1. Once Lys and Arg get +1 and Asp and Glu get -1 on their Cβ, which of Gly232, Leu186, Asn200 lies farthest toward the positive end of the dipole of region 176-239?
2. Could you work out the local net charge near Thr264, counting Lys and Arg as +1, Asp and Glu as -1, over the other residues with Cβ closer than 9 Å to its Cβ?
3. Under the definition of Cα pairs under 8 Å and six or more residues apart, what whole-number percent is the relative contact order of region 1-91?
4. Residues with beta-carbon under 14 Å from that of Thr8, excluding Thr8: net charge, scoring Lys, Arg +1 and Asp, Glu -1?
5. Run the 1.4 Å probe and let me know the accessible area of Val332, rounded to the nearest 10 Å².
6. With labels modelled as points extended 7 Å from the Cα through the Cβ direction, what inter-label distance (nm, one decimal) is found for Lys65 paired with Ala231?
7. Please report Rg (one decimal) and Dmax (integer) in Å for the Cα set of region 193-285.
8. Using label points projected 7 Å from each Cα along Cα→Cβ, tell me how many nm separate Glu151 and Glu211, to one decimal.
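The values are calculated or read from the model by the stated rules, or taken from the named source; none is laboratory data. These numbers come from a predicted model, not from an experiment. Glycine gets a Cβ as well: all are built from the backbone with ideal geometry, and neighbour counts include every protein chain shown. Surface areas here come from the heavy atoms of the whole protein model, side chains and all, with no ligands, DNA or RNA. Shrake-Rupley method; radii C 1.70, N 1.55, O 1.52, S 1.80 Å.
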Amino acid sequence: MQTARLATPRGTRDVLPPASERIRSLTGRFAETAQRAGFRQVITPIFEHAEVFRRVGESTDIVSKEMYEFRDKDQRLMALRPELTAPLARAFANHRPRTPWRVWYEGPQFRYEKPQAGRYRQFNQVGAELIGSDDPQADAEMLALAWRFCEALGLRQVILLINSLGSPADRAAFSSALGSYFARRLGDLSEQGRATLAVNPLRLLDSKRPEDRLAAAAAPDIAEFLSKEAAGHFQTVLDALGRLGIPFAIEPRLVRGLDYYRHTTFELRSLALDGAQDAVGGGGRYDGLVADLGGPPTPGVGFAMGVDRLLLACDAEDAFDVQEQDLDIFVVDVIGGVEATLLADEIRQAGISAERAFDKRSMKAQMKAADRSGARFALLIGAEELASGTVTLRDMRRDDGEAPRGAQVRIPRGAVCEEILRRLAVEARTPA
Ligand code: HAM
């Protein structure tokens, strides 16, 4: 009886090569950018006590509706992480590292969302946090890091939207003013909009539903609620952006989907992506988060970017073309047994990349495989080579004036790595 084929869970995907190579390469590029700025990687668990997220975002959809929660065998309530800022603040509270703590991360996040292009239930983020400084220049530094990373990928159609939610008192006053404003327009709101109003009036500002948008048209502006200190902080960040030459637009409706933000919040959007999933990254300041998670009052600022969305934006802009990795050697084995295994192992240990054939297939089939692999040289080991203690090195270069395709030499088995390294080095010095 045939068993039905199993699909991946809804909203998840298998990422096969070469797409997986692009993810690896993008993540590597982010790591380089962050390391160059003095950030170091932190790896936290993929699941946490649900409390870590519940404490900081009970009134947000990400926590209340979209979190993958489960009881473990000891009946503890756990959650697959929907994001990494709360776990990082939790780690800070636990370990109390020296400040400012400059850290970066990468990895999968989980949100039970309605899947569509660019919106998945498991998706990858790269991000960075700077914990322990309330200097507005720290905000500017994080913004610059995120912006320059997009530039380095070759993205030209990304825009930066920025806003300030002020101090907790400013935010509370604004939220209450919004509450009264929308309460007077209850009938105009969508059904979900009315539910949102009850928990978090701020979130109505970025509702995508047309009724809510219309109702929000004359809503109060956060700028009127900013204290002098908060307005000063925001202005310093904007001035720094100006000096850095990073273009931005102030978006007073930008409230973001997580509750911990205060002062600066921002989002990077791609004009090349579909409106509903055009945010390639977002972040901001979260000065109360570490204390909420049991640590000392400690300010923090950071951002995260969606790897999958960044790559979609790269596709749409024809940017960040990842070169297939070059393969140096393909070992063609017509005798079978352990010889090709030893040969491949030896040359890999010498730092040369090598693939090999299996199953003693015909010489013709193996040469075809060598050709498909894109290897620079084929290394043939047959009965004759084995008897004479040699191997045959065949040039696999495609259209080359100097060496005709297929030119081959016999080399002593003991000198194989040396000879390959010599040839590769000569080529590295002589550009094609
Ligand atoms: P966030 O805006 O929720 O922020 O997520 C950051 C980015 O992750 C989004 O801009 C988007 O590119 C990507 N993303 C979010 N949800 C999905 C999804 N379902 N499918 C694909 N990509 C997605 C945070 O997570 C905060 N922790 C950012 C932060 C760091 N704030 C301060 N520090």
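1. Leu186
2. That sum, taken over residues with Cβ under 9 Å, equals +1.
3. Reported relative contact order: 24 percent.
4. Net charge in that neighbourhood comes out at +3.
5. 0 Å²
6. A separation of 3.6 nm, rounded to one decimal place.
7. My reading of the Cα-based Rg and Dmax gives 14.5, 43 Å.
8. It is 4.6 nm.
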